[in-house]
1. What percent does the relative contact order of the stretch B:122-226 come to when contacts are Cα pairs within less than 8 Å and at least six residues apart?
2. Simple spin-label model, 7 Å along Cα-to-Cβ: residue A:261 to residue C:214 in nm?
3. Averaged across D:152-163, how many Cβ atoms of other chains sit within 10 Å of each residue's Cβ atom?
4. Could you compute how fast the stretch D:120-227 diffuses translationally, taking Rh as the Kirkwood radius over C-alpha pairs and applying Stokes-Einstein at 25 °C with viscosity 0.890 mPa s? Give it in µm² per second.
5. What percent does the relative contact order of chain D come to when contacts are Cα pairs within less than 8 Å and at least six residues apart?
6. Based on the mean of other Cβ atoms within 10 Å per residue, sort peptides D:78-86, A:41-49 so the most packed one is first.
7. When you look at the Cβ of every residue in B:125-131, what mean number of other chain Cβ atoms sits within 10 Å?
8. Using R₀ = 22 Å, calculate the FRET efficiency as 1/(1 + (r/R₀)^6) where r is the Cβ-Cβ separation of residue C:30 and residue C:252; round to 0.05.
Ligand SMILES: [Fe+2]
Ligand SMILES: [Fe+2]
Ligand SMILES: [Fe+2]
Ligand SMILES: [Fe+2]
Ligand SMILES: [Fe+2]
Ligand SMILES: [Fe+2]
Ligand SMILES: [Fe+2]
Ligand SMILES: [Fe+2]
């Protein structure tokens, strides 16, 4: 039996949460979604997560939350937020980081879905090798289920594509996040893994990847520090639906989602 | 009267040129294209351009060639290649660089189209400010025509989006290149400029952004130098069609192009 | 007649200001110093400058203050701080930045000394080309005096050395700052310019370049954000004395200064 | 009984090898040196090592060779070069890299000296954590000897200093390489480890960190690829002498060496 997973790209502040709230039920119905996963690294005011925003996301109907480099932004909130069993951060942070890098979710129909979060290193931090950590984590998740969803939070298209091919046939999907721009390269790779370089973002599109246009332009043109705010107009939702064969874990279909609210 | 411009993303080596050769006439016919522009920075063996590949591209039916950071890879070819009046490199290289950063092309119907090439600075080189150079170049191009096409060769989605908004209403289109992955964010911005973060690439898709999968994975996992070759399977063409109002220079439509050969 | 300039490397917070206060008079006497210049980008709590710290530095006996990337850290203080005629920031920030990038100081004996501040680009920001900006600023300063002191605030030894050679014979001294580690490569280059890659820092040496050892190690090992404080033990002063021929602007001598308070 | 180790900073091409050949015997005599270690990553034409240059260095009187990021430059030579038991590369390359990251050398007097090579990550490659790899390697080396010399090949002063403090009291010396500029911060840290941020370089000082001045300036000013050559004038030798207590492994003295040939 197929499992249908809806994954939603980086939710940016309150406008992003509002878009989710308004659109989720309809998307779940229309696509017969079994499980909803969102990247929440920017859900609280554009930077990180709070226990309050986590609660809000789960109340809206989310089943699991992945994250990325911004998860650490609200420092005092981190231990509480990452104590939640269905909120994860990239698995390739060094030993000692709060939280976990993978989780098992269960659909209402009783299917277990492994979720793995990884972060890229190109133009980012000096983390553990995401390829090797993926090997280790997947071996462990496969003890529980063949259905495995990977959120690879990374900047460089080369690193994202390379990880997709590296895991091809071993996981159900490798979906990128972090650039906040949805890519048009969704496909099922040759060994059965659904792949897309970036799921995009959910929030204001009257912006530069979620932050104020004027401030972003000023920052690039002056090279001076700029204080960013989260704009509110032209709210859209970006994501992807992946259909997975429960028995084999292979992807059956991948469909890009872009909703102009 | 509308002008229809077909822009094709980074052409990767011989497979990329073959894809172009096979598909171009059909695309031009189907979309009533007036002008064909390609990014050629990887057209010769994946790295740079030669006079021979330039001739081949023009023979296939290309009207103008833009480029990017890889244009300098075949050092001895650079002066000859960039002497061609319809081959440009990013305009924001410092004074003294060979070649020009913008050009005026003319459609068979006699419409002048200004083409401006810029390179991003985030995670790239220390070039002149692309925003200020755009101001200067656009002022000059607008003396000739209201139809202006910008190829912004850049890595970071933030910088690309910021330049799009910065030039909104002043040019017909800002289309990104360099990541080799087509984005799904094509739209016409509020003041009339067509925008898309990346046009994608034209070449082998059985690859990591145009280079060998095994070598790319090995490079990331070993952090050692790796020699890259251009793969040949699963050849596809990526690009975008922009329709522009000749009189105002405003974009009327933007359509993503992705052809699986 | 020779002019003797004492330049003191990045002053780190209160411990740095205390070191300066305790040592300056003695240094001025021992070396017959005519002019005291300090890099103050970290003088206020380790990050930036305030009008109060500026006043404190001038009260101690400083004649001019240069800075660097951290000058913008205390955002609301920047306009006031940089309005002071003897406080400068790197000259190669884009047009529109507050403040100036060079200044003319006058020794008690009436000799004019041009001071130019530049910031490197390697591993730093996308500023204007420091080489070209140096050309322009030096031409202007030379209208006033042949004695020109350059503080090149930069990370990479290659960029620092290249600028030193580029300006050799045109300025009296090119002294680097920013790495907070004094280098042992002081010398007079072949055309008469005194050169040293880094003047070092003035503050707590029971630290990792001026910040807490434990926090620095934790940051590198966890890759997580860390809050830094300025340690207070083992306070030292780093700098350099350059002796310049007033008539020609050529350096006569360069001597490294390192005082363990 | 004390052991005296002479460590010589990055040897740049033939001029660097000539400087070593001319100066080594004199240095060994004057400082009663027991063991000579050199960083050889640039010894062959400025890029990497060959079996021939390795032989030449050992013939001159070197006992062990460390390296860094450039060791991989002469790709076909790497397996042979790193097969030599007394040539090492940074220990924190991922599993599968050729060669070893540490070695045990023995002085003519029979004292075992552990040598560990590490590479930094700031502004460099995505290697394994040098702090954790140091823990592991030092534990292993200490089975053999208390005298342990660490060459930390890194760019950022912060990372170098942090590793020095991290290993303080556990190794005899942490000496940096890679910037090619000798620092003036040599000292014995509070727990007994000798520390210096960079040993400097051995080769032509009529250069920008060992390569041609004109080419380096051109590269920074044009942002275009430049072909580098190794200059030959003003040859100097940079290094450091560390005196270690054989029984405890604690440093007794550290002295900077800079010879103008
Ligand atoms: Fe994000
Ligand atoms: Fe992110
Ligand atoms: Fe390209
Ligand atoms: Fe490119
Ligand atoms: Fe500083
Ligand atoms: Fe700085
Ligand atoms: Fe080196
Ligand atoms: Fe190196």
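1. The value is 19 percent.
2. That separation, rounded to one decimal, is 4.4 nm.
3. 6
4. Working: Rh = 15.4 Å.
Translational diffusion coefficient: 159 µm²/s.
5. 21
6. Top of the packing list down: A:41-49, D:78-86.
7. Average neighbour count from other chains, rounded to a whole number: 6.
8. 0.80
Bear in mind these aren't lab numbers, they're just calculated from the coordinates by the rules spelled out. Predicted model only: the values in this text are computed from it and were never measured. All Cβ positions, even for glycine, are placed from backbone atoms using ideal geometry, and neighbour counts span all protein chains on display.
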